[in-house]
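Only one structure is covered here, and it is reproduced in the block below.
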Amino acid sequence: MRERLSGNEAVAIAMRQIDPDVVAAFPITPSTEVPQYFASFVANGAVNTEFVAVESEHSAMSACIGAQAAGGRTMTATSSAGLALMWEMLYIAASSRLPITLAAVNRALSGPININNDHSDTMGARDSGWIQIYGESNQEAYDNFIQAVCIGEHPAVQLPVMDCYDGFITSHAVENIELLEDEEVKAFVGDYTPEYYLNNKAHPIAVGPLDLPVHYFEHKRLQAEAMRNAKRVILEVAADFEKLTGRKYGFFEEYKMEGAETAIVVLNSTAGTAKTVVDKLREQGVKAGLIKLRVFRPFPAEEIAAALAGVKAVAILDKADGFNAAGGPVFTDVTSAMYGRVDGVPAISYIYGLGGRDVRAGDIEKVYSRLAEIVKTGKIGEVYNYLGVRE
């Protein structure tokens, strides 16, 4: 079913097609449209969902935790400072093994206050125990949301999932999109039938109890193992989704990496700009490639190292600054993955696009030119760089 939709509307439609038990949300730009669209579905009877309008994002995640723990399939959406206000509850959701699905519409964190796109919000939550999946386009935001439900609810995983896509660039821009039929989505995600939940009188449980040293470490180890299991499940769900739609997903997309000598690793909508640059460079005989990282948590360390094994230089682009004086968060994870696996490949970090600063094809071309110079001279120079900033 072909439509023209914004990313937010597409995700709200995915929610409607799934028909969750509970959606609890508080508005914040640019994610506001997701619960706004969904609230209209509730009002007109298109879903059977209990919609909970709360007083803050902390309350939104708290309500989601309670509903999911009680045995309900639960969803929400937020951005930026809204995600930051959920911080405490993000950890509780993950450690309680509650597969909540969250549309995380990427926006810069304050301060100074800024309502435009970068990835500082979800990057700040990267170690909260949530699975994180990133999407380049409206189509991917929609597809990832549907898959996220199946991934998080899998018995071997039982973890919450963020569907991350760029605020305004993806959330508000209208694109052509292929929607599944409602019946197809319902059949794909199936019913939510948890084995243990608070409303199951036959098997009483506690959720979020005091966890003293005698048990806490083992619970964290099990949580970590669930994240490792998620790697397998993500690929299994993607394979099933490909059978249904013909659209192929994995941990990342390799774009013209065959024979590539230089490559860029990047997330979300910037990949579209970078692909245009790669096409241009390939026409000029430059062996440029691109890796668009889709799954950031769990991090596909071995797989991304293998994908970069044949290049002579790589640049990792971050739309968030880690403030570690060493490079962006994606850069540090990618180079950690390369260590001991593909030693000797020069890697440099670029911070770009903070607070919604445009990144143009010319900016990406400068990165590839720098990589070509590294290959030619063997001199890496500055590792920690900024792209498109006035120094």
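Looking only at the stretch 283-304, count how many residues are more than 20 Å from S369 (Cα to Cα) and buried (at least 20 other Cβ atoms within 10 Å of the Cβ). Residues in the stretch 283-304 being more than 20 Å from S369 (Cα to Cα) and buried (at least 20 other Cβ atoms within 10 Å of the Cβ): 9 in total. Counting the residues of the stretch 336-358 that are hydrophobic (A, V, I, L, M, F, W, C), surrounded by fewer than 20 Cβ atoms within 10 Å (Cβ to Cβ) and within 25 Å of K280 (Cα to Cα) gives 1. The set of residues in the stretch 312-323 that are more than 20 Å from D166 (Cβ to Cβ) and either at pLDDT below 95 or among the hydrophobic types (A, V, I, L, M, F, W, C) (or both) comprises A313, V314, F323. Among the residues of the stretch 5-46, which ones are on the phi < 0 side of the Ramachandran plot, in a loop (DSSP other than H, G, I, E, B) and surrounded by fewer than 19 Cβ atoms within 10 Å (Cβ to Cβ)? Selection gives D21, P27, T29, N44, A46. Here is a list: L159, L235. Which entry is under 30 Å from L308 (Cβ atoms), touching a Phe, Trp or Tyr at 6+ places or on another chain (Cβ under 8 Å) and free of Cβ contacts under 8 Å to residues at least 60 places away in the same chain? L235 is the lone residue from the list that is under 30 Å from L308 (Cβ atoms), touching a Phe, Trp or Tyr at 6+ places or on another chain (Cβ under 8 Å) and free of Cβ contacts under 8 Å to residues at least 60 places away in the same chain.
If you go through the stretch 268-294 and keep only what is out of contact with any Gly (no Cβ under 8 Å at 6 or more places or on another chain), within 19 Å of K248 (Cα to Cα) and not small (G, A, S), you end up with K275, L290, I291, K292, L293. A single member of A60, A77 is more than 30 Å from A271 (Cα to Cα), of a type in the set (G, A, S) and buried (at least 22 other Cβ atoms within 10 Å of the Cβ), and it is A60.
Pick from A238, A187, A226, A156: which is surrounded by fewer than 17 Cβ atoms within 10 Å (Cβ to Cβ), hydrophobic (A, V, I, L, M, F, W, C), at pLDDT 95 or above and outside any loop (DSSP other than H, G, I, E, B)? Within the list A238, A187, A226, A156, the selection yields A187.
Cβ separations smaller than 6 Å between residues 6+ apart or across chains give the following pairs from the stretch 363-391 residues that are under 22 Å from A326 (Cβ atoms) to residues that are loosely packed, with under 14 Cβ neighbours inside 10 Å and hydrophobic (A, V, I, L, M, F, W, C): I374/I380. Considering every residue within the stretch 253-266, establish whether at least one is of a type in the set (S, T, Y) and either more than 22 Å from V345 (Cβ to Cβ) or loosely packed, with under 13 Cβ neighbours inside 10 Å (or both). No, every residue in the stretch 253-266 fails to be of a type in the set (S, T, Y) and either more than 22 Å from V345 (Cβ to Cβ) or loosely packed, with under 13 Cβ neighbours inside 10 Å (or both).
Which of the residues that make up the stretch 159-174 are of a type in the set (A, V, I, L, M, F, W, C) and either in a loop (DSSP other than H, G, I, E, B) or surrounded by 24 or more Cβ atoms within 10 Å (Cβ to Cβ) (or both)?
Filtering the stretch 159-174 for residues of a type in the set (A, V, I, L, M, F, W, C) gives 159, 161-162, 164, 168-169, 173-174.
If the condition is that a residue be of a type in the set (A, V, I, L, M, F, W, C) and either in a loop (DSSP other than H, G, I, E, B) or surrounded by 24 or more Cβ atoms within 10 Å (Cβ to Cβ) (or both), then L159, V161, M162, C164, F168, I169, A173 are the ones that fit.
Restricting attention to the stretch 308-333, the residues being out of contact with any Ser or Thr (no Cβ under 7 Å at 6 or more places or on another chain), surrounded by fewer than 22 Cβ atoms within 10 Å (Cβ to Cβ) and of a type in the set (A, V, I, L, M, F, W, C) number 3. Might you let me know whether the stretch 360-377 holds any residue that is in contact with a Pro (Cβ under 7 Å, 6 or more places away or on another chain), modelled with pLDDT of 95 or more and in the same structural domain as K312 (by TED's automatic domain parsing)? Yes, the stretch 360-377 contains a residue that is in contact with a Pro (Cβ under 7 Å, 6 or more places away or on another chain), modelled with pLDDT of 95 or more and in the same structural domain as K312 (by TED's automatic domain parsing).
When V233, V265, V237 are checked against the criterion of being under 17 Å from V295 (Cα atoms), of a type outside the set (S, T, Y) and outside the structural domain of I133 (by TED's automatic domain parsing), V265 stands alone in meeting it. If the condition is being buried (at least 16 other Cβ atoms within 10 Å of the Cβ) and on the phi > 0 side of the Ramachandran plot, then the stretch 359-391 contributes only G388. Residues that are crowded, with 22+ Cβ neighbours inside 10 Å and closer than 21 Å to Q147 by Cβ: does the stretch 271-279 have at least one? Checked the stretch 271-279: at least one residue is crowded, with 22+ Cβ neighbours inside 10 Å and closer than 21 Å to Q147 by Cβ.
The values are calculated or read from the model by the stated rules, or taken from the named source; none is laboratory data. Keep in mind that this is a model prediction, so the values were computed, not measured. Cβ: placed from backbone, ideal geometry, glycine included. Neighbour counts: every protein chain shown.
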